[in-house]
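To start, the structure itself, in C-alpha cells.
Only the coordinates and a few stated rules stand behind these numbers; no lab work does. Quantities reported herein were computed from a predicted structural model and do not represent experimental measurements. Here the Cβ positions follow ideal geometry from the backbone for every residue, glycine too, while neighbour counts run over all protein chains shown.
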Amino acid sequence: MSNDALVVLVSPNGDIIGTQEKLAAHQDNALHLAFSVMLYRKTSIGIEVLMQQRALDKYHSGGLWANTCCSHPLPEEAIKMAAQRRIAEELNITSLIEWHICGEFIYQASFANGLHEHELDTVLIGEFNEALPTVNPDEVAQLKWFKLKELNQEVSDSPQQFAVWVPFVLAKVNESLAAL
C-alpha cells in the first residue's frame, strides 16, 4: 500500500496512534489528521479569500464550496509541507507560500453514502497575490475569490452550499485575519 493511501490516526488529544487506509478510515469513522488551507489577498476593498468548489464526483461533498484546499498529511509529513504539496497537486500553485497556523478543531460528519469525516483539522492561511491557476479537474470544479465579510454571511445564510467543515475553518481564519 502506498503512503499516500494512508491517513494518520490520532487520539482526541492529538497523540498519533497509527495509520489506516484512507477509505477504511472514512468508513470506520476513525479520528485522523487533516488540514485546511485558506489563501487570502488584501485588496482596496478588504480581505478576500480563495474558495474552491469541489469536483462534482468527489467521494463526498461534490459540488459544494470549501476552503482553498484540504487534505491529509502523509505519515511523518509536517503539516506545512503537506499544505504545500496539496496546493500544487490540486491547484497547480508551485510558488512557495509562507504558511501561518491558525489553530485546530475536531469535527465529525456522516454522509448519505456511508462515509464519515472525523478529523483533527489544522487550519493554515497564506497570502497569495498571483493570477488564479489552472486547477486539477479531478479535485476542483472552480475557484473564486470571496470578500471575507460576504463569505461569512453566505455561510450563515446558505450553509447547504458549503462543505460541513467550512464554518469551523472560517472561524479560525476570521480570528487570524482580524489581526491584519
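List of remarks:
- For TRP165, net neighbour charge (Lys/Arg +1, Asp/Glu -1) across residues whose Cβ lies under 11 Å away: -2
- The calculated FRET efficiency for LEU132 paired with ILE16, based on their beta-carbon distance and R0 = 30 Å, is about 0.25.
- Around the Cα centre of the stretch 1-107, unit charges on the Cβ atoms of Lys, Arg, Asp and Glu (plus for the first two, minus for the last two) sum to a dipole of about 380 debye.
- q = 0.11 Å⁻¹: log10 I(q)/I(0) that the Debye formula gives for the chain, counting C-alpha atoms only: -0.44
- Spin-label model distance (nm) - LYS58 vs ASN29, 7 Å beyond Cα toward Cβ: 2.2
- Calculated on alpha-carbon atoms, Rg and Dmax of the stretch 96-180 in Å: 14.4, 41
- Among the listed pairs LYS80/LYS172; LYS80/LYS149; LYS147/LYS172; LYS80/LYS147, a Cα-Cα separation exceeding 21 Å is found for LYS80/LYS149; LYS80/LYS147.
- In degrees, nearest ten, helix 166-177 long axis to first principal axis of the chain (Cα): 50
- Packing around the peptides 136-147, 49-60, taken as the average count of other Cβ atoms within 10 Å per residue, puts them in this order, highest first: 49-60, 136-147.
- For the stretch 3-177, with +1 on Lys and Arg beta carbons and -1 on Asp and Glu, the positive-most of GLN27, THR134, ILE17 along the dipole: THR134
- Straight-line reach from LYS22: taking Cα to Cα under 16 Å and skipping same-chain neighbours fewer than 8 places apart, the lysines in range are LYS58.
- Segment GLU175-ASP157, extension gain: residue separation times 0.36 nm, minus the distance between their alpha carbons: 4.5 nm
- Arranged from fewest to most other beta-carbon atoms within 10 Å of their beta carbon, ARG86, ARG41 become ARG41, ARG86.
- Charging the Cβ of each Asp and Glu at -1 and of each Lys and Arg at +1, and nothing else, the dipole of the stretch 3-177 about its Cα centre rounds to 440 debye.
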